[in-house]
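The values are calculated or read from the model by the stated rules, or taken from the named source; none is laboratory data. The structure presented is a predicted model; accordingly, all values stated were derived computationally and were not measured. Glycine also receives a Cβ, built like all others from the backbone with ideal geometry; neighbour counts cover every protein chain displayed.
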Amino acid sequence: KQEVTQIPAALSVPEGENLVLNCSFTDSAIYNLQWFRQDPGKGLTSLLLIQSSQREQTSGRLNASLDKSSGRSTLYIAASQPGDSATYLCAVRFTSGTYKYIFGTGTRLKVLA
Amino acid sequence: GAGVSQSPSNKVTEKGKDVELRCDPISGHTALYWYRQSLGQGLEFLIYFQGNSAPDKSGLPSDRFSAERTGGSVSTLTIQRTQQEDSAVYLCASSFSGSRNYEQYFGPGTRLTVT
């Protein structure tokens, strides 16, 4: 069964810390992986998308890496700010004949001022 | 241009009634997805459209759920004879499949409450 897991479920850090969010998936045959943030009561905002042929993507203070062989992706947030507080979700599209994305249950991040 | 829009933003309905939820994707986006997010749960895939056809509807939970897309644009998700367990936020996303990366852009969602 294709599953996506995110650890930890919740994380609280002081402002300024660098932090890593983890996403693991059960099948290395993926098409791509996308990271999102979701603010309370809102939809999802796309942060980064990594194609299966890529190892990492960067946008501002965010860096996402992909290691297909170990079934893992990490989202690195540098110099965290209170505005980064949100739930972070990863979604994987597997190559096995499906168009759907499977989402992890997210990491709820709180950055303390 | 404008992002993905959904309407209504909130819908309260009585058990047994039918509801229609609407999604307007980003102009030019050929791929459209519906997801459901129940309280405390992750996002659950419902259906995928490529143009007006739905090659993957494997996530629709029962035959009370149906969806259509017309003109390669607007999509409606219909839930017949609503049940309390249908209460959730229904999210729509679109992507441009021509870019081959299928990056998804989400709408704000419709919060459905079945009383």
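The residue that is nearest to residue A:78 (Cα to Cα), among those in the range A:7-54 that are modelled with pLDDT under 95 and among the charged types (D, E, K, R), is A:39.
Restricting B:67, B:93, B:54 to residues that are at the interface with chain A (Cβ under 9 Å from one of its Cβ atoms), of a type in the set (Gly, Ala, Ser) and either touching a helix residue (DSSP H, G or I) at 6+ places or on another chain (Cβ under 6 Å) or not in a loop (DSSP other than H, G, I, E, B) (or both) narrows the list to B:93.
Taken over the range A:67-77, residues that are of a type outside the set (A, V, I, L, M, F, W, C) and outside any loop (DSSP other than H, G, I, E, B) amount to 5.
Considering A:69, A:53, A:80, which residue is crowded, with 19+ Cβ neighbours inside 10 Å and more than 10 Å from every other protein chain (Cβ to nearest Cβ)? When all the criteria are applied, what remains is A:80. Applying the set (1) touching a helix residue (DSSP H, G or I) at 6+ places or on another chain (Cβ under 8 Å); (2) of a type in the set (A, V, I, L, M); (3) farther than 27 Å from residue B:109 by Cβ to residue A:77 leaves exactly one unmet item: (3). Residues in the range B:35-44 that are facing chain A (nearest Cβ under 10 Å) and either among the basic types (Lys, Arg) or surrounded by 22 or more Cβ atoms within 10 Å (Cβ to Cβ) (or both): B:35, B:43.
Please go through the range B:70-90 and give me each residue that is part of a loop (DSSP other than H, G, I, E, B) and surrounded by fewer than 21 Cβ atoms within 10 Å (Cβ to Cβ), ordered by number. Walk me through how you get there before you give the answer.
Keep residues of the range B:70-90 that are part of a loop (DSSP other than H, G, I, E, B), which gives B:70-74, B:80-83, B:87.
Across the range B:70-90, the qualifying residues are B:70, B:71, B:72, B:73, B:74, B:80, B:81, B:83, B:87.
Can you name every residue in the range A:78-105 that is outside any loop (DSSP other than H, G, I, E, B) and of a type in the set (Ser, Thr, Tyr)? A:87, A:88, listed by residue number. What about residue B:57, is it touching a strand residue (DSSP E or B) at 6+ places or on another chain (Cβ under 8 Å), basic (Lys, Arg) and at pLDDT 95 or above? Criteria not met by residue B:57. Among strands (runs of 3 or more DSSP E) entirely within the range A:5-50, having at least 2 residues that are within 11 Å of chain B (Cβ to nearest Cβ) and surrounded by 15 or more Cβ atoms within 10 Å (Cβ to Cβ) singles out A:30-38. Of the set (1) within 10 Å of chain A (Cβ to nearest Cβ); (2) of a type outside the set (D, E, K, R); (3) within 30 Å of residue A:9 (Cα to Cα), all apply to residue B:32 but (1).
No other residue among B:107, B:59 is closer than 23 Å to residue A:40 by Cβ and within 14 Å of the chain's Cα centre (by Cα) apart from B:107.
In the set B:64, B:69, B:81, only one residue is touching a residue at least 12 places away in the same chain (Cβ under 8 Å) and either touching a Leu at 6+ places or on another chain (Cβ under 9 Å) or of a type in the set (Val, Ile, Thr) (or both); that residue is B:69.
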